[in-house]
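A short worksheet on the structure shown next.
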Amino acid sequence: MINSYASTDDAEVAIAAAQAGAAVVRNMYGQQLSRIDKGAGDFATAADVEAERTILGVIRAARPHDAVLGEEGGQQGAVAAVRQWLVDPLCGTLNYAVGNMLVAVNVALRGGAAAVADPFSGEVFCTDGEAAWMRHRGVDAELAPTPATRLVDVNLDPPFPSAPGFRAVDLLAHPRFVERFRPRVVSTTLALAWVAAGKRAAYVTDGVGLSGSVHFAAGIAVCRAAGCVVTGMDGGPIGQEGRGLVVAADAETHELLMSMIGSRR
């Protein structure tokens, strides 16, 4: 493994790691898996743990001096390391545990390359920090965001730090939302990558510090590189202190959603 990845660029490391994790998720699908309780109704499965272990193996082989922050294993390597990988080995664990294939494997180098893998379609949404593309069956195609579907994915999972000023569920009942868009609730950040790919017009979620989140970092990086409009719910840049995330395929869609969100805050 060390010889295979040592000379690979960061984007290919991200892709290889995400694909390796996706293979684990796919192979363990449908099995009776043990659960690890995280509290507040959250849990991991044996597939989460094994996928993260496999992803870390790829990263360590290619970049042995880099730090890693994993959803399951936490911080590994120096906290002050210049390079840190953010790993969410199975985003959509509840979906997966009940036999739903809507999940993602997220791998991102903070401030650089990233990959979001769909274990069941085989699609990998990628960026080297500048360009963005989808790899499927060995073929790369440039990502082209478009609002044509009019589908807006809204994350309804807690926590809701902006409530009562803003609740995502209220957005779905806004008259202009009903007139213009159709809601979807995928409950995985795969939907974030779908905005970059033109499969969604936009994605909206509440939350805090999402730019450095293992769940969101890879999707945000792909969307930015694809040319999507990416902001917090206040319309400003996403930062550690900012709240929420609004990602749209184009400026018009973003502006319309922000006008609705502003009226609910």
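The values are calculated or read from the model by the stated rules, or taken from the named source; none is laboratory data. Quantities reported herein were computed from a predicted structural model and do not represent experimental measurements. Here the Cβ is made from the backbone with ideal geometry for all residues, glycine too, and neighbour counts use every protein chain on show. These accessible areas exclude ligands, DNA and RNA; they are computed on the full protein's heavy atoms, side chains included. Shrake-Rupley method; radii C 1.70, N 1.55, O 1.52, S 1.80 Å.
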Please report, for the Cα atoms of the chain, the Rg to one decimal and the Dmax as a whole number; what are they, in angstrom? 17.6, 57
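Any chance you could run the full-extension gain for residue 120 through residue 180? It's 0.36 nm times the residue separation minus the Cα-Cα distance, nm to one decimal.
Numbers: separation 60, 0.36 × 60 = 21.60 nm, distance 3.06 nm.
Once the chain is fully extended between residue 120 and residue 180, it gains 18.5 nm.
Arrange the peptides 198-205, 83-90 so that the one whose residues have, on average, the most other Cβ atoms within 10 Å appears first. Don't jump to the answer; show the numbers that get you there.
Values: 198-205: 24.1, 83-90: 26.6.
The densest-packed peptide leads the list: 83-90, 198-205.
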The set of residues whose placed amide H lies less than 5 Å from the amide H of residue 83, leaving out same-chain residues fewer than 5 positions away, is 67
With Cβ to Cβ distances under 15 Å as the rule, what net charge do the other residues near residue 23 carry (K, R +1; D, E -1)? -1
Subtracting the Cα-Cα distance from 0.36 nm times the residue separation, let me have the gained length for residue 34 to residue 234 in nm, one decimal. 68.0 nm
When only Cα pairs under 8 Å and 6 or more residues apart are kept, what is the percent relative contact order across the chain? 17 percent
Between residue 79 and residue 169, with labels modelled 7 Å along Cα→Cβ, what's the label distance in nm to one decimal, could you check? 3.7 nm
Mean accessible area per residue over the chain (1.4 angstrom probe, all protein chains present, square angstrom) is 44 Å²
Please work out the C-alpha center-to-center distance from region 84-138 to region 16-40 and express it in whole Å. 13 Å
With no solvent and one point on each alpha carbon, what is the Debye value of log10 I(q)/I(0) for region 70-191 at q = 0.09, 0.22 Å⁻¹? -0.34, -1.31
Using amide H atoms built in the peptide plane, which far-off residues or other-chain residues are under 5 Å from residue 208 H to H? 244
Say R0 is 30 Å: what FRET efficiency, to the nearest 0.05, do residue 160 and residue 255 get from their beta-carbon distance? 0.80
With Cα coordinates, the longest principal axis of the chain makes an angle with the long axis of helix 46-62, in degrees rounded to 10, of 70 degrees
